[in-house]
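> First the structure, then my questions, so here it is.
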Amino acid sequence: MASENYIHIIKSLRRSIAMHVERDGRVIVRAPALMPNFLINQFIRDHADWIQKHRKVVCARPRRKAREFKHGEPFLFMGKTLTLAVGRYTKIDVKDDRLLFPKFMEFRIQKELTEWYKKHAIEVITRHVNEHTKIMGVSYEGIYFSDTKSKWGSCSHDNTLQFNWRLVMAPPLIIRYVVIHELTHTRHKNHSRAFWQQVGEYNPSYRRQVKWLRANGHLLTLT
C-alpha cells in the first residue's frame, strides 16, 4: 500500500502516527522518526478502506477556480460570505456583507488581505483561548499561529498551542470547538474516551463541528 504514488510518508519527532487526505487526493502519513517501516505499512493497510473512502470524497469535490483577488469575488470571514469591494477606502474593513479594500493598495492585494486575516485570527482565537482556559481550569505555555495543511490546531507535550490562522474564516462555533479540542489536550495527550468526554463536557455539539470541518475545511483558504 505504501508504494501507491499518492501516499507520502513523513517521519518526524512525534509520538503517534496519523494521516490525512490533501485537497489534491494525496495521502500524507506522519509517523514517529523511529517507527519501523513495516509498522507504518501495516497502519496503512489497516486503514485502506478509510483511505479509499476519503480520497473518493476529496476527489469528487468540484475544482474551484484559482482566486484572482478582484472586485466582486467572495471571501469567507467568521462564517459569512463577503463580497470583495475595491474602492476609495482608507483601510481594509467589513461593512455589512462587503469586504472593503483600498484601491491604492490593490497592487499588493493578496499580501495585504492575508496579513489582515492573520491579524484578526490572532485576536479572535487568542480571545477564545483565554476565555476557555478560565472556564476549563487549564493553562498553556504559549500560542502560535501558522498555515499547516494537515491540522487546524495542535498541543505539544509542554502545552504549547498552535492554530491555523485560516480558522478565522470559519463560523465562531467551529473556532470555539478547535480551541476546546486543543485545550483538552493539555490534560489528555491522546484521543481517548476520557478526552472526548471532556470535549463533550464543554462543547456538547462537538460532533457537528467535526462533521462541518470534514465537509467544509477545504473552503477555508485564500488560494
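> Please pick out the residue among Gly142, Gly137 that is over 18 Å from the mean Cα position of the chain (by Cα), surrounded by fewer than 16 Cβ atoms within 10 Å (Cβ to Cβ), closer than 30 Å to Lys111 by Cα and free of Cβ contacts under 8 Å to residues at least 24 places away in the same chain.
Result: Gly142 is the single residue among Gly142, Gly137 that is over 18 Å from the mean Cα position of the chain (by Cα), surrounded by fewer than 16 Cβ atoms within 10 Å (Cβ to Cβ), closer than 30 Å to Lys111 by Cα and free of Cβ contacts under 8 Å to residues at least 24 places away in the same chain.
> Picking from Ser146, Ser150, which residue would you name as being among the polar types (S, T, N, Q), more than 24 Å from Arg55 (Cβ to Cβ) and at pLDDT below 95?
Ser146 is the lone residue from the list that is among the polar types (S, T, N, Q), more than 24 Å from Arg55 (Cβ to Cβ) and at pLDDT below 95.
> At positive phi, hydrophobic (A, V, I, L, M, F, W, C) and not assigned by TED's automatic domain parsing to the domain that holds His157: is that true of Met19 in this structure?
No: the conditions fail for Met19.
The values are calculated or read from the model by the stated rules, or taken from the named source; none is laboratory data. Quantities reported herein were computed from a predicted structural model and do not represent experimental measurements. Virtual Cβ from ideal backbone geometry, glycine too; neighbours counted across all protein chains shown.
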